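Novice: One structure, pasted below without further comment.
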Amino acid sequence: MRTVHSLKELRTILRGYRRQGKTIGLVPTMGNLHEGHISLVRKAAEAADIVVTSIFVNPMQFGAGEDLESYPRTLAEDQEQLEAAGNTLVFAPTASEVYPDGLAQQTQVIVPDVSDGHCGASRPGHFEGVATVVSMLFNMVQPDFAVFGEKDFQQLAVIRKMVRDLMVPVEVVGAPTIRETDGLAKSSRNGYLSPAERKVAPVVYRTLRETAEKIEEGHPDLQALEQDATAKLSKAGLRPDYFNIVNSRTLKPATPEDSDITLLVAAFLGTTRLIDNLSITR
Ligand code: PAF
């Protein structure tokens with residue numbers, strides 16, 4: 001497995017593979033890899049001859065006061081895990097390689113509608129940062145397909161719309177959330193939790209499941225369910241950002257008639273912002 005830091009080197013290597021008729025799968029990440037990321041790499045390796053994993057902590061998607069500086073950077077450990085998972089090439093560019101003119105001068109990709117609300121409301125500019133860097137990674141790697149985790153449900157919706165609207169010739173593949181045995185969704189940010197917070201954290205998924213069960217049983221008042229879930233998280237010591245029950249396709253508030261419903265949650269536990277979701281089909 002090779003690691004390259006420059007776009008020039010990346011393009012030279014990929015040109016060779018493409019000339020040999022190899023298919024290329026991309027797994028975009030910000031590094032500090034866990035089993036969730038590795039499952040994306042394995043999925044890509046099942047379908048592609050060549051798997052490129054990008055590791056780039058993208059400054060454009062972090063807001064003021066967020067964890068850009070403290071975000072864990074663990075390239076050596078990441079490389080070991082990727083090698084074992086069947087990854088071919090790691091692309092780990094610097095910020096100046098990706099944004100040579102600086103962030104302020106960077107052309108941006110704005111994906112309307114699905115970027116609004118939920119995390120988009122709480123983190124202004126976040127999805128513009130994600131859509132911009134993902135479209136750049138697509139242009140840099142020119143993969144046949146790219147794999148993203150369903151844990152970031154709204155992000156996946158934003159990327160799917162971006163690809164559709166801009167007619168990007170890359171297939172977007174979603175992969176299921178990987179969880180700890182107590183239900184907590186695997187996330188690089190779980191490492192920020194203190195032992196006491198880690199014990200409390202599974203309440204997020206528990207609340208998603210209990211609320212989903214009530215919807216499946218035919219509970220008619222979805223707003224009341226959102227309020228109950230929020231209260232439950234607060235009682236457990238979290239600071240809920242939102243708990244929204246939405247139509248899985250539009251991400252707009254669900255109606256009891258919707259057949260595809262997703263429960264989206266974000267909540268702070270101490271200073272750590274956890275997100276999770278659960279989809280049901282009726
Ligand atoms: O999900 C992530 O880790 C990031 O948002 C992504 C897709 C790699 C873009 O920076």
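Bear in mind that the values in this text are calculations on the coordinates, not laboratory data. Worth saying up front: this structure is predicted, and the values here are computed from it rather than measured. Backbone-built Cβ (ideal geometry, glycine too); neighbour counts: all protein chains shown.
Novice: What is the chain by shape, rounded, prolate or oblate, if you read a ≥ b ≥ c off the alpha carbon gyration tensor as root eigenvalues and call it rounded for a/c under 1.5, prolate for a/b larger than b/c, and oblate otherwise?
Specialist: prolate
Novice: Please say if the range 140-282 is rounded, prolate or oblate, where rounded means a/c under 1.5 for a ≥ b ≥ c the square roots of the C-alpha gyration tensor eigenvalues, and otherwise the choice is prolate for a/b larger than b/c and oblate otherwise?
Specialist: oblate
Novice: Also, quick follow-up: If Lys and Arg each add +1 and Asp and Glu each add -1, what is the summed charge of the other residues whose beta carbon sits under 15 Å from the beta carbon of GLU83?
Specialist: In short, -1.
Novice: Among GLN108, VAL173, GLY183, whose Cα projects farthest towards the positive end of the dipole of the range 106-196, with charges put on the beta-carbon of Lys, Arg (+1) and Asp, Glu (-1)?
Specialist: My answer, from the dipole projection, is GLY183.
Novice: Report the semi-axes of the equivalent ellipsoid for the range 1-74 in whole Å, largest first, where each axis is √(5λ) for an eigenvalue λ of the Cα gyration tensor. Write out the running numbers ahead of the final one.
Specialist: Values: eigenvalues 141, 50, 17 Å².
So the equivalent ellipsoid measures 27, 16, 9 Å along its semi-axes.
Novice: Give, as a single signed number, the net charge of other residues whose beta carbon lies under 10 Å from the beta carbon of LEU225, with Lys and Arg counted +1 and Asp and Glu -1. Mind showing how you got there, number by number?
Specialist: Details: positive: LYS214; negative: GLU210, ASP221, GLU226, ASP228.
With Lys, Arg at +1 and Asp, Glu at -1, the neighbours total -3.
Novice: Pull up the DSSP beta bridges for the range 129-267 and report the antiparallel fraction as a percent, rounded to 5.
Specialist: Beta bridges within the range 129-267, antiparallel portion: roughly 65 percent.
Novice: Something else now. When the Cα centres of the range 99-142 and the range 210-264 are compared, how far apart do they sit, in Å?
Specialist: Between the Cα centres of the range 99-142 and the range 210-264 lies a distance of 28 Å.
Novice: Can you work out the FRET efficiency for the pair ASP49 and ALA196, with r the C-beta to C-beta distance and R0 = 51 Å, to the nearest 0.05?
Specialist: 0.65
Novice: May I ask for the net charge around LEU7, where only other residues with Cβ less than 15 Å from the Cβ of LEU7 are counted and Lys, Arg are +1 while Asp, Glu are -1?
Specialist: +1
Novice: Once you put a point 7 Å from the Cα of ARG164 and another 7 Å from the Cα of THR74, both along the Cβ direction, what distance in nm separates them?
Specialist: The modelled label-to-label distance comes out at 3.6 nm.
Novice: For the chain, what is the relative contact order in percent, using Cα pairs closer than 8 Å and at least 6 residues apart in sequence? Walk me through the numbers on the way to the answer.
Specialist: Values: 483 pairs, mean separation 47.4, N = 282.
It rounds to 17 percent for the chain.
Novice: Then there is this: How long are the three semi-axes of the equivalent ellipsoid of the range 130-224, in whole Å, if each is the root of 5 times an eigenvalue of the C-alpha gyration tensor, listed from largest down?
Specialist: Values: eigenvalues 199, 80, 23 Å².
Taking √(5λ) for each Cα gyration eigenvalue gives 32, 20, 11 Å.
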